[in-house]
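Read the figures in this text as sums done on the coordinates, not as results from a lab. It should be emphasised that the depicted structure is a prediction, and the values quoted were computed from it without experimental measurement. Reconstructed Cβ throughout: ideal geometry from the backbone, glycine too, with neighbour counts over all protein chains shown.
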Amino acid sequence: MSEIVVFGAGGRAGRRVIAEAVGRGHRVTAVVREPARHSGLAGDRVTLVRGDVTRADDVAEAAAGHDVAIGSVYRADVPSAEFYVAAAHALLEGLERAGVGRLLTVGVGTTLETAPGVPVHDTPGFPAEFRAFSLGHAAGLEVFRAAETPVDWLVVTPPPTLLDDEAPRTGGYRVGGNQVLPGDEGVLLSYADLAVALVDEIENPRHHRTQIAVAP
């Protein structure tokens, strides 16, 4: 059994991660900015706390005593580059101070490469309205890559499509490197199976200090 702290616990991925982790017997601390809005998260094996993922003090306080952290965070009211860079710095600093050695974060598929050195957001015809969000994620990833840190980080990245919030858990998925995985076009990865991939990586760490792709 692991003690897992989940930042961004109120989102669709965060909620699925909590359900998957609790179902496997782990204990979870669910971190959100506004606990009153997410009171339903609290329950057997789940503790709900307030915290801001962009503040290292909050990260350190929430993460103390845990084995691993998961970050599945999003802010619509803050520019993406500002938010994801601040979150990456705060997570690394706060987790180091708390003595938590492992961090898994959820990436965005448009940062995966379609060819060496060519991320999806740099391909012809990529929608301009989504580019800033993807670049923000990419900037956060660069913080991880450049950091001299004892925290063993991993960015787990679904395909560059919408995830399916309704599809049932299958427990199956494919894993690749930092390029878009071929095949299964039109088949969406479910949030439930993304959660499986994250908790599998907690129970059996196979990837370290890199970005990986997961797909159905």
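Taken along the Cα-to-beta-carbon direction at a fixed 7 Å, the label points for residue 39 and residue 131 span 4.5 nm.
Around the amide H of residue 152, modelled in the peptide plane, lie the amide H atoms of 102, 103, all under 5 Å away and 5 or more residues distant in sequence or on another chain. Placing +1 on each Lys and Arg Cβ and -1 on each Asp and Glu Cβ, with no other charges, gives the chain a dipole about its Cα centre of roughly 300 debye. Summary value for segment 161-216: 52 percent relative contact order, contacts being C-alpha pairs under 8 angstrom separated by 6+ residues. Considering only 157, 140, 195, and ranking their Cα positions along the charge dipole of segment 129-216 that arises from unit charges at the beta-carbon of Lys, Arg, Asp and Glu, the one farthest toward the positive end is 140. Within the chain, helices built from complete DSSP H runs that reach 15 Å or longer along their own axis (Cα positions) and carry a mean Kyte-Doolittle hydropathy of -1.0 or higher are 12-23, 80-98, 128-146, 191-203. Computed about the Cα centre, the dipole magnitude for segment 113-209 is approximately 220 debye when only Lys and Arg (+1) and Asp and Glu (-1) carry charge, each at its Cβ.
Taking other residues whose beta carbon is less than 9 angstrom from the beta carbon of residue 4, and scoring Lys, Arg as +1 and Asp, Glu as -1, yields -1.
In the chain, the convex hull through the Cα atoms has an average projected area of 11.3 nm², a quarter of its surface area. The residue 169 and residue 203 beta-carbon pair, evaluated with R₀ = 22 Å, returns a calculated FRET efficiency of approximately 0.90. For segment 153-175 and segment 67-113, compute the distance between their C-alpha centroids and round to whole Å. One Cα centre to the other: 18 Å.
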